[in-house]
Amino acid sequence: MIRIIKPAEPPEILVTKGQAGAKALQSQFDATPAGETPSFDFKENIYNAPEVKEALRAAQHRKCCFCESKIDNHPGDVEHFRPKAGYQQQDSDPLTKPGYYWLVYDWSNLYLACEDCNRSQKKNLFPLEDPGQRARNHHQDIAQEKPLLVDPGREDPEEAISWGKEMAAPMNRRGQCTVTTLALNERSHLVEQRLKHYEQLKLIHDLANGSLALRDEAAERALRDKAAEHLEEYQLPSGEFAAMVRAAVRNGFT
């Protein structure tokens, strides 16, 4: 995971239809008799609108917000960081409703995730350090919450999660919860994909830093310069698995 910088202004549909839709949901909650759970009708054509997905895709450099895999070849899912319909503190808990219905069209709560991260891993999980501080409706302030999941749009994930080669290395409790919840080290296909990426870049790193010797001095210098350019490119926010690559470069690929 890396820091995601979204445009300050949300897509227009979230302002026009989204704000009106959120007010309608809040009014529905207020009109629901005490002790009953409202049956909300979330408008997918608002939060999942093409302009919303494209804005997220661009802000995230066409990568999943969680695992950093490229999502160019499939549409991806609009992910609600705070779940809209219901939430779970841990995977074994039953789904508690309502969820964060008032944030369903909120730009700060939306990301683009690969289907695996969204549907198979995070799902409706939203653990808090103190579940008793959870905001349960729009009259309560989410600022009182202390989420255990790292929010890539509000903080730098690299302060909570480092890397040991292709494996995520949590640096604190929140990093550990994020890595575990998203199964970043448990999905074999994802780990293998990162390892292949790591090994390819290690060759480039070794060449750029003179660890691989060539016979032709001029050709060697040119290749090293090109390799150094590639290393810089892969560390940019647009690079796949950029957080892992940055850590590997800092550690000298050791």
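The values are calculated or read from the model by the stated rules, or taken from the named source; none is laboratory data. This is a predicted model, so every value here is computed, not measured. Using ideal geometry, Cβ is built from the backbone for each residue, glycine included, and neighbour counts are taken over all protein chains shown. Calculation scope for accessible area: heavy atoms of the full protein, side chains included, ligands and nucleic acids excluded. Shrake-Rupley method; radii C 1.70, N 1.55, O 1.52, S 1.80 Å.
Quick notes
- If the segment from GLU12 to GLU155 were pulled out straight at 0.36 nm per residue, it would be longer than the present Cα-Cα gap by 49.0 nm.
- Compared with the dominant Cα axis of the chain, that is its longest principal axis, helix 188-208 is turned about 40°.
- Sites HIS61 and HIS139 - FRET efficiency at Förster radius 45 Å, r taken between beta-carbons, to 0.05: 0.75
- Taking segment 94-169 as the region of interest, the number of lysine pairs whose Cα atoms are within less than 23 Å, with members eight or more places apart or on different chains, is 5.
- Computed from the C-beta positions of HIS230 and ARG119 and an R0 of 25 Å, the FRET efficiency is 0.15 to the nearest 0.05.
- Gain in span if fully extended, ARG173 to ASN45, counting 0.36 nm per residue against the direct Cα distance: 42.4 nm
- Degrees separating the helix 50-59 axis from the principal Cα axis of the chain, which is the longest one: 40
- Accessible area (Å², 1.4 Å probe, nearest 10) - LEU125: 10
- For segment 1-36, the residues whose amide N sits under 13 Å from a probe point set 7 Å from the Cα of GLU54 along the beta carbon direction are 11-13.
- Karplus-derived HN-Hα couplings along segment 141-147 (A = 6.51, B = -1.76, C = 1.60, θ = phi - 60°), whole Hz, x at Gly and Pro: 9, 5, 5, 6, 7, 10, x
- Close amide H pairs (under 5 Å, H built 1.01 Å from N) link GLY164 with ALA169, residues at least 5 positions away or on another chain.
- The slack in the chain from ASP91 to THR32, taken as 0.36 nm per residue of separation less the alpha-carbon distance, amounts to 18.4 nm.
- Between amide H atoms placed 1.01 Å from N, distances below 5 Å from GLU79 occur with TYR111, LEU112, ALA113, all of them 5 or more places distant or on a separate chain.
- Sorting the segments 37-45, 61-69, 184-192 by their mean number of nearby beta carbons within 10 angstrom, highest to lowest, gives 61-69, 184-192, 37-45.
- For segment 1-91, the number of Lys pairs separated by eight or more positions or lying on different chains, with C-alpha atoms closer than 21 Å, is 15.
- LYS70/LYS165 FRET efficiency (R0 30 Å; Cβ-Cβ; nearest 0.05): 0.90
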